[in-house]
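Contents: one structure, followed by commentary.
Readers should treat all values here as calculations from the given coordinates under stated rules, not as data from a laboratory. All values derive from a computational prediction rather than experimental measurement. Positions of Cβ are generated from backbone atoms using ideal geometry, with glycine treated the same way; all protein chains shown enter the neighbour counts.
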Amino acid sequence: MFEFLHQMSAPKLSTAILRYIFRYAQFIGTIFFCLHNKKDDETVFIHNWLKWLNVTHRILTFTRFFWVYLGSISIKTNRVQLVLHVMRLVLSIPNVAVILGYHIFRGPEIIDLVNQFLRLFRQVSDLFKPKTPGFGGRRELILILLNLVSFAHEQTYLWFTIRKGFSWRFIIDWWCDFYLVSATNILFHINSIGYLSLGVLYSELNRYVYTNLRIQLQKLNTSGSQQKIRRAQNRLDKCISLYREIYHTSIMFHKLFVPPLFLALIYKVVLIALIGLNMAVEFYINSFVFWILLGKHVLDLFLVTASVEGAVNQFLNIGMQFGNVGDLSKFQTTLDTLFLHLRLSHFRVSILGLFDVTQKQYLQFLSALVSWLAFIAQYRMQVGNC
């Protein structure tokens with residue numbers, strides 16, 4: 001078994017899983033475009049009928065969810081529970097509105113962004129001879145597999161948390177709840193995979209510079225032929241151009257998907273607080289299902305953080321890949337332009353200017369979560385002693 005895992009191609013497996021995630025996102029109505037294959041050239045395009053089908057379906061399912069959920073929280077007696085349930089219901093409205101707005105108004109921008117990602121992956125892959133197939137390495141595969149675990153939980157959690165007989169009404173209510181929750185969570189997965197892709201682009205380009213271009217530049221000197229110098233200069237210019245394109249793509253991605261990530265983040269924090277309170281008030285503290293549900297939401301936050309950290313680290317490694325580029329001042333002048341660009345450009349993921357997505361912030365969140373769980377445990381013990 002371990003020999004099979006050792007021989008398994010992580011990049012190819014990651015690519016296959018990403019295709020499945022793409023189909024899954026189409027199924028839940030978050031992605032409204034299709035992939036078009038033409039030899040080695042892949043592009044995406046909008047299907048208007050698919051877009052409007054998703055819009056209509058989302059409006060109908062959310063309307064059903066809203067009224068069913070409103071009826072269920074109207075019988076809550078605990079005030080804190082009532083407030084958290086109302087907050088979840090209220091926060092679901094802008095989340096759905098954002099998804100509908102992206103379908104109706106931001107479609108062309110999203111199509112351009114996805115095609116830009118595909119184009120960059122082709123250009124970076126073309127640098128290597130032979131081409132490097134697949135997506136990333138084992139680190140990326142592990143993060144993508146964790147995304148799959150999160151997807152699987154979204155599809156099944158309600159079947160275990162609601163203890164009542166199955167019926168057509170239950171299936172309809174489950175579908176409406178799943179359609180809303182999965183669409184909100186997919187905003188996390190889009191950001192996770194998006195920044196994971198940026199990290200892979202930077203990583204592959206850094207690898208080419210370190211293993212190929214840097215060696216070519218170091219071998220050249222003033223006595224080298226003009227043809228070799230010109231060829232090396234063109235490759236250097238190509239790499240610098242790709243670095244800039246990847247950075248501009250990251251800015252486009254940030255502007256499009258980080259604001260809805262903020263809404264999804266607030267929604268998830270309220271959901272985590274609600275789960276913790278249910279575990280205290282209704283004594284689900286020993287329920288394995290609810291601990292899994294809590295861990296799933298913590299996992300979603302971890303995936304976004306790990307993807308962002310990976311992309312930031314690869315961006316910071318750009319300058320270290322070149323080292324000594326030889327005796328030709330022309331190469332050094334070109335690199336000075338790149339280093340100036342790196343000093344002026346700071347790769348960071350800021351949530352509306354409030355905080356950056358970093359490991360430090362994630363650890364602070366975990367600390368707050370542990371404090372919250374400790375508080376509700378003390379509350380439960382105090383109630384039990386009364």
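Below, the figures for the structure above:
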read-out	value
Sorted by Cβ density within 10 Å, fewest first, the residues SER350, SER192, SER92	SER350, SER92, SER192
For SER74, SER203, order by how many other beta-carbon atoms lie within 10 Å, fewest first	SER74, SER203
Extension reserve of the LEU89-ALA374 stretch, reckoned as 0.36 nm per residue once the Cα distance is removed	100.0 nm
Violating pairs (Cα-Cα greater than 27 angstrom) within the set LYS129/LYS219; LYS255/LYS360; LYS12/LYS129; LYS268/LYS360; LYS51/LYS255; LYS12/LYS228	LYS12/LYS228
Ranking of ARG207, ARG343, ARG138 by count of other Cβ atoms within 10 Å, fewest first	ARG343, ARG138, ARG207
